[in-house]
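I have placed the structure first, in the form of structure tokens, so that the comments after it can refer back to it.
The values are calculated or read from the model by the stated rules, or taken from the named source; none is laboratory data. On a predicted model such as this, the values are computed, not experimentally measured, just so you know. For neighbour counting, all protein chains shown are included, and Cβ atoms are generated from backbone atoms with ideal geometry for every residue, glycine included. Note: areas computed on protein heavy atoms with side chains; ligands, DNA, RNA excluded. Shrake-Rupley method; radii C 1.70, N 1.55, O 1.52, S 1.80 Å.
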Protein chains: 2
Amino acid sequence: MASDHTRSAILAAAERLYADRGFSDVTLRDIVAEANVNLAAVNYHFGSKDELIAELFVTRSIATNRERLRELKAAEEQGGGRAPIEVILRALVGPTLRGCLGPENQRSTAARFMIRASIESVPPIRRIKNREIDHLRKFAGAMRRSLPERSDVDVYWGLNFALAMAHHTIRESERLTKLSEGKCDLDDVEDVVARVVSVATMALTAGKAEAKAPSRALARDAR
Amino acid sequence: MASDHTRSAILAAAERLYADRGFSDVTLRDIVAEANVNLAAVNYHFGSKDELIAELFVTRSIATNRERLRELKAAEEQGGGRAPIEVILRALVGPTLRGCLGPENQRSTAARFMIRASIESVPPIRRIKNREIDHLRKFAGAMRRSLPERSDVDVYWGLNFALAMAHHTIRESERLTKLSEGKCDLDDVEDVVARVVSVATMALTAGKAEAKAPSRALARDAR
DNA sequence: TTGCAATTCAAACAGTTGTATGAAACTATC
DNA sequence: GATAGTTTCATACAACTGTTTGAATTGCAA
């Protein structure tokens, strides 16, 4: 078999362009130009544009989920099946935040592509996306084990809010910087992670006896 | 001057279609079919597709902002220039949540259109969107007055997280319903508002002496 | 080297998009 | 009721989209 140079060049170029400019205004001609391959190569190697996008998404989805689950599993094993809620939340939002924020040059194309995918929702991705629910269910399970006294509804809402803060902060990072006139430092990723985890933890533990909401100072020093 | 029947039919049809299906896959031909007008009417009345979208967005943006500011102003006047943080947050996220969630038949096309606009970010809207920062600044100001002991950075982060929870919940309402197997009731809008406001309030008040985070029970009964 | 399959390539295709045109229909004023 | 200005209409246009085609080229096995 020949080297799949062309194939992987297309994948890399497509991911980069989609991450930078979104799905809606990146054409096959943009991709093949960036990859320095012929236009027909996309259909030859992937069948169609949609199948290219789908392959990209599936690959990255598996990788991201594996990374998140690795962190989660490590935490649960260390805690004998019950990880602290902060650690679970950190495993949930940390990888994505770290991949999408921080200094320009060390942002991950893969993470930014995944955020685009979660935002723009093109047909080929929407079709696959249902699987991610199974993935989130694993986190919901871990959170329930960590907070057995909490109702399921509250846990789901906490999970929802944690993802909300992480994704929205990534999506609107530019606006937040402008609004705060640079006072909110989006380059300090670990501070952002700490803030999101802190608020989500409060959301999940407030109103209970053992609600030990991490102080703001703690969140800020956690870097 | 003649009645602007055609003009407003186009605006209404466009808003409805954009709200339902997003900007990317609604064509001018879809719009004129829905509005029962001729294809050329759009360019005759608005100049171009982009100007149609821009007019739609500007109109709705002004209306939404006016409603939010009305609630905010009322609260501040009643409190002598200092509204409780919960009330400010409610004025910020309440109108949007109420317009986008709740029973199918009473959802507002306008609100759903605005959410689309905040999600998909097409060029004509992106150009205008900077004004919204000025609008958010007014809320940031009110929040600072309400929590004078809090640092600016914390206030901006709180504002960011409040919007995050509201918008993300709207965007991913379907997924949350599926994930929770219907346990999270997205039709109970006032409960959703209460949860978002409650968590955002905690985020803004935790770690301080007067931090009286509303109990979960309070949030749930606030409807 | 010869032969064959896999890959690349330029070119063309069919479909859709937003926009422009010029004639027709309407509306109001005198 | 003729006229001038506005609005509607069918139609055409040019640009762009993803995809297909068939010939050229390549790489490898016999």
Given points 7 Å out from each Cα along the Cα-Cβ axis, report the A:A12 to B:R175 separation in nanometres with one decimal.
2.9
Starting from the Cα-Cα distance between B:D188 and B:N38, subtract it from 0.36 nm times their residue separation and give me the gain in nm to one decimal.
49.9 nm
Would you look at the GNM of chain A, springs on alpha carbons closer than 10 Å, and say which of A:K129, A:K183, A:K49 moves the most?
A:K183
Label-zone membership for the stretch A:162-178, site B:R137, 7 angstrom Cα→C-beta point, backbone N under 16 Å
A:175-178
Among the complete DSSP H segments of chain A, which ones combine at least 15 Å of alpha-carbon extent along their axis with a mean Kyte-Doolittle hydropathy of -1.0 or more?
A:5-21, A:49-78, A:85-100, A:109-120, A:152-171, A:189-205
Any idea how far the Cα center of the stretch A:9-66 sits from the one of the stretch B:1-53, in Å?
33
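Could you give the length gained by full extension between B:K73 and B:T59, i.e. 0.36 nm per residue of separation minus their alpha carbon distance, to one decimal place?
Computed gain between B:K73 and B:T59 is 2.9 nm.
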Under the helix-only model (-39500 (n - 2.57) for each DSSP H run of 4 or more, divided by the residues of chain A), the mean residue ellipticity at 222 nm, to 500 deg cm²/dmol, is -23000 deg cm²/dmol
Defining the label point at 7 Å along Cα→Cβ, can you sort the distances from B:R70 to the same site in each other copy, shortest first, in nm?
5.4
Work through the residues other than B:F46 whose Cβ is under 10 Å from its Cβ and net out their charges, Lys, Arg +1 and Asp, Glu -1.
-1
Pairs to check: A:K138/B:K178; A:K178/B:K73; A:K129/B:K178; A:K183/B:K138; A:K178/B:K129. Give those whose C-alpha atoms are more than 19 Å from each other in this structure.
A:K178/B:K73
With springs only between Cα atoms under 10 Å, which of B:E51, B:E86, B:E172 fluctuates most in a Gaussian network model of chain B?
B:E172
Using a Gaussian network for chain B with springs between C-alpha atoms less than 10 Å apart, which of these wobbles most: B:A142, B:A40, B:A203?
B:A40
Once the label point is placed 7 Å from Cα along Cβ, list for B:E132 the distances to the corresponding points in the other copies, in nm, shortest first.
2.0
Total accessible area buried between chains B and A, 1.4 Å probe, in Å² to the nearest 100?
4400
With a ≥ b ≥ c from the Cα gyration tensor eigenvalues, square-rooted, and the rule rounded for a/c under 1.5, otherwise prolate when a/b > b/c and oblate otherwise, the stretch A:49-221 is oblate
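With an 8 Å cut-off on Cα pairs and a minimum separation of 6 or more residues, tell me the relative contact order of the stretch B:69-221 in percent. All intermediate terms of the calculation are to be shown ahead of the outcome.
Details: 129 pairs, mean separation 43.9, N = 153.
Computed value for the stretch B:69-221: 29 percent relative contact order.
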Inter-copy label distances at A:D4, 7 Å along the Cα→beta-carbon direction, one decimal in nm, shortest first?
5.7
Theoretical gain in end-to-end length, A:S24 to A:N130 [0.36 nm per residue, Cα-Cα removed]:
36.0 nm
